[in-house]
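All remarks here apply to the structure that follows.
The values are calculated or read from the model by the stated rules, or taken from the named source; none is laboratory data. Only a predicted model underlies this, so the values are computations on that prediction, with no experimental measurement involved. Cβ placement follows ideal geometry from the backbone for every residue including glycine, while neighbour counts extend to all protein chains displayed. Protein only, heavy atoms only, side chains kept; ligands, DNA and RNA dropped before computing areas. Shrake-Rupley method; radii C 1.70, N 1.55, O 1.52, S 1.80 Å.
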Amino acid sequence: MSRIVMKFGGTSMAGIERIRSVASRVKREAEAGNEVLVVVSAMAGETDRLVQLCREAAALHDRQEYDVVVASGEQVTAGLLAMTLQNMGVKARSFMGWQLLRATGVHGNARVEAVEGALLGEALSGGTVAVIPGFQGVSEDGRVATLGRGGSDTSAVAIAAGIKADRCDIYTDVDGVYTTDPRIVPRARKLTKITFEEMLELAGVGAKVLNVRSVGLAMREKMPLRVLSAFEDLPGTKIVPDLGDDMERNAIAGIAADRNEARITLTGIADAPGTVAAVMGPLAKAGIQVDMIVHAATPDAGASDLTFTVPRASLSQAVRAIESSGAKGDGAILTDAAVAKVSIVGVGIRSNPELAATMFATLAERGINLLAVSASEIKVSVLVAEEQMELAVRVLHTAFGLDAPRENDV
């Protein structure tokens with residue numbers, strides 16, 4: 001007998017028929033003798049609807065009341081799934097996130113602090129399927145607190161760790177993790193397994209399969225993850241600590257692309273200690289995430305240029321923060337929202353510097369200009385014109401041998 005956490009996303013819960021399909025999967029696991037806990041998202045589109053209602057009620061709304069409203073979507077699907085399971089003859093009950101998960105930090109983007117596992121353990125040991133709304137917990141002040149977009153994945157992993165589950169299965173509208181987005185590259189291959197490190201990097205640079213915070217938490221807690229289709233009984237992808245002796249595995253695990261980028265360049269700013277800090281400080285204070293920083297000084301001129309990227313939706317706010325702080329001095333601010341980030345990710349990058357060179361040469365051959373570059377131990381990212389993003393992904397996918405063979409390939 002295993003203790004399993006099953007998480008289902010909004011597409012899986014979009015209507016009673018799909019909830020019945022989810023319930024059938026849960027029933028099958030329960031009847032196999034497993035202790036089952038289910039974490040659910042709101043129905044597809046429901047959170048967006050609730051967010052819009054908050055905006056209509058008050059443009060500058062109270063974040064605590066915002067959490068009360070948007071948390072209701074997951075509570076509805078939790079109750080409906082518990083009812084459906086009961087109707088199928090499965091012993092089940094719903095819990096509320098605030099009963100189980102303690103959260104800290106900012107309302108609307110809180111972080112998991114602890115999981116109250118005793119109540120769940122009692123239910124599971126008694127043969128009850130526990131159904132929990134994801135995306136939410138209770139704050140230090142006793143109010144409902146939500147975990148931000150994609151927070152249901154984080155809820156599932158946190159609860160799995162808290163109850164010492166044997167594994168956490170994430171059911172989505174895709175049947176696993178692919179080498180890249182199949183909508184861009186039809187010959188993308190599904191991976192049977194990928195390391196936590198690689199999945200963390202892919203999630204961080206644009207892959208939408210798993211929430212980046214959930215992967216980081218699973219990695220820290222050593223919680224086995226699987227990504228599976230919510231609609232078909234197909235083998236999924238395992239997220240594992242390492243690949244062992246898998247000699248057949250490519251050095252590059254996958255390629256991710258993200259259109260959610262905007263470039264800011266400050267020209268003619270002072271070439272002096274503290275210049276970069278003076279720019280980044282106001283952005284951090286405003287809660288704006290900064291990526292791909294390039295600082296280049298002009299020799300003997302006493303001036304420098306600073307280029308970095310921010311989320312496209314934060315571009316106007318970032319410019320205002322810089323201007324109001326006076327950090328640019330006599331320099332100019334140039335912006336470009338028509339850019340995209342393309343990244344290669346793989347543990348092979350750690351030991352093979354030729355992979356980055358191959359990336360740059362491949363893009364150069366197709367006339368794709370690099371606007372910025374950043375790298376980590378197992379990732380290399382480049383900023384390109386948005387109109388060249390898909391071409392960049394396709395040529396890199398082929399260059400690194402990631403294309404799936406066609407049926408008539410020899």
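Scan the stretch 250-259 residue by residue and report those that are at pLDDT 90 or above and open to solvent by 10 Å² or more (accessible area, probe 1.4 Å).
Matches in the stretch 250-259: ALA257, ASP258, ARG259.
Looking at (1) farther than 16 Å from LEU228 by Cα; (2) crowded, with 18+ Cβ neighbours inside 10 Å; (3) in contact (Cβ under 8 Å) with a residue 40 or more places away in the chain, which one does VAL174 not meet, given that it meets all the others?
Unmet condition: (1).
How many of the residues making up the stretch 338-361 are under 19 Å from ARG312 (Cα atoms) and either of a type outside the set (Gly, Ala, Ser) or open to solvent by 40 Å² or more (accessible area, probe 1.4 Å) (or both)?
Total meeting the criteria: 4.
Sort out which residues of the stretch 309-334 are part of a strand (DSSP E or B) and within 26 Å of the chain's Cα centre (by Cα), and write them in order of number.
THR309, VAL310 - these are the residues of the stretch 309-334 that are part of a strand (DSSP E or B) and within 26 Å of the chain's Cα centre (by Cα).
Mind checking which residues of the stretch 362-388 are part of a loop (DSSP other than H, G, I, E, B) and either in contact with a Lys or Arg (Cβ under 6 Å, 6 or more places away or on another chain) or surrounded by fewer than 17 Cβ atoms within 10 Å (Cβ to Cβ) (or both)? Full working, then the answer.
Taking the stretch 362-388 as the starting set, the residues that turn out to be part of a loop (DSSP other than H, G, I, E, B) are 366-371, 377-378.
ARG366, GLY367, ASN369, LEU370, GLU377, ILE378 - these are the residues of the stretch 362-388 that are part of a loop (DSSP other than H, G, I, E, B) and either in contact with a Lys or Arg (Cβ under 6 Å, 6 or more places away or on another chain) or surrounded by fewer than 17 Cβ atoms within 10 Å (Cβ to Cβ) (or both).
List pairs: first in the stretch 365-380 and over 15 Å from ILE255 (Cα atoms), second part of a loop (DSSP other than H, G, I, E, B), Cβ under 8 Å, 6+ apart or cross-chain?
none
Hey, among the residues in the stretch 389-404 that are of a type outside the set (Val, Ile, Thr) and touching a strand residue (DSSP E or B) at 6+ places or on another chain (Cβ under 8 Å), which one's nearest to ARG350 (Cα to Cα)? Talk me through it step by step, then tell me what you get.
Applying the first criterion (of a type outside the set (Val, Ile, Thr)) to the stretch 389-404 yields 389-392, 394, 396-397, 399-404.
After this cut, where a residue has to be touching a strand residue (DSSP E or B) at 6+ places or on another chain (Cβ under 8 Å) as well, the list is 389-390, 392, 396-397, 400, 402.
On the way: MET389: 25, GLU390: 26, ALA392: 22, LEU396: 18, HIS397: 19, PHE400: 16, LEU402: 19 Å.
Taking the candidates together, the pick is PHE400.
State whether one or more residues within the stretch 274-284 are closer than 22 Å to ILE378 by Cβ and surrounded by 15 or more Cβ atoms within 10 Å (Cβ to Cβ).
The answer is no, given that none of the residues of the stretch 274-284 is closer than 22 Å to ILE378 by Cβ and surrounded by 15 or more Cβ atoms within 10 Å (Cβ to Cβ).
Residues in the stretch 128-171 that are over 19 Å from the mean Cα position of the chain (by Cα), within 17 Å of LEU81 (Cβ to Cβ) and open to solvent by 10 Å² or more (accessible area, probe 1.4 Å): how many?
1
For VAL69, state whether it is open to solvent by 20 Å² or more (accessible area, probe 1.4 Å), among the aliphatic types (A, V, I, L, M) and either farther than 30 Å from SER125 by Cβ or in contact with a strand residue (DSSP E or B) (Cβ under 8 Å, 6 or more places away or on another chain) (or both). If you could, list the steps in order and put the result at the bottom.
Details: open to solvent by 20 Å² or more (accessible area, probe 1.4 Å): yes; among the aliphatic types (A, V, I, L, M): yes; either farther than 30 Å from SER125 by Cβ or in contact with a strand residue (DSSP E or B) (Cβ under 8 Å, 6 or more places away or on another chain) (or both): yes.
Yes; evaluated as a whole, the condition is true for this residue.
Suppose the filter is out of contact with any Cys (no Cβ under 6 Å at 6 or more places or on another chain), under 23 Å from HIS295 (Cβ atoms) and small (Gly, Ala, Ser); does GLY367 pass it?
no
I need every pair where a residue in the stretch 270-296 that is in contact (Cβ under 8 Å) with a residue 40 or more places away in the chain and over 25 Å from ALA313 (Cβ atoms) has its Cβ under 9 Å from the Cβ of a residue that is of a type in the set (Gly, Ala, Ser) and assigned to a helix (DSSP H, G or I), sequence separation at least 6 or different chains.
Cβ pairs passing all conditions: ALA270/ALA278.
Is it true that THR77 is modelled with pLDDT of 95 or more, open to solvent by less than 60 Å² (accessible area, probe 1.4 Å) and not hydrophobic (A, V, I, L, M, F, W, C)?
yes
Inspect the stretch 86-98 for any residue being more than 29 Å from ILE239 (Cα to Cα), in a helix (DSSP H, G or I) and not β-branched (Val, Ile, Thr) and give the result as yes or no.
yes
For residues that are of a type in the set (Lys, Arg) and more than 16 Å from TYR171 (Cβ to Cβ), scanning just the stretch 204-247, find the one that is least open to solvent (accessible area, probe 1.4 Å).
ARG213
Report whether or not LEU306 is on the phi < 0 side of the Ramachandran plot and in a helix (DSSP H, G or I).
Criteria not met by LEU306.
ILE16 fails exactly one of the following numbered conditions: (1) buried (at least 16 other Cβ atoms within 10 Å of the Cβ); (2) over 17 Å from SER72 (Cβ atoms). What is the number of that condition?
If we test ILE16 against (1) buried (at least 16 other Cβ atoms within 10 Å of the Cβ); (2) over 17 Å from SER72 (Cβ atoms), just (1) comes out false.
Given the conditions (1) open to solvent by 80 Å² or more (accessible area, probe 1.4 Å); (2) under 22 Å from VAL227 (Cα atoms), which single one is not true for MET83?
Looking at each condition in turn, MET83 falls short on (2).
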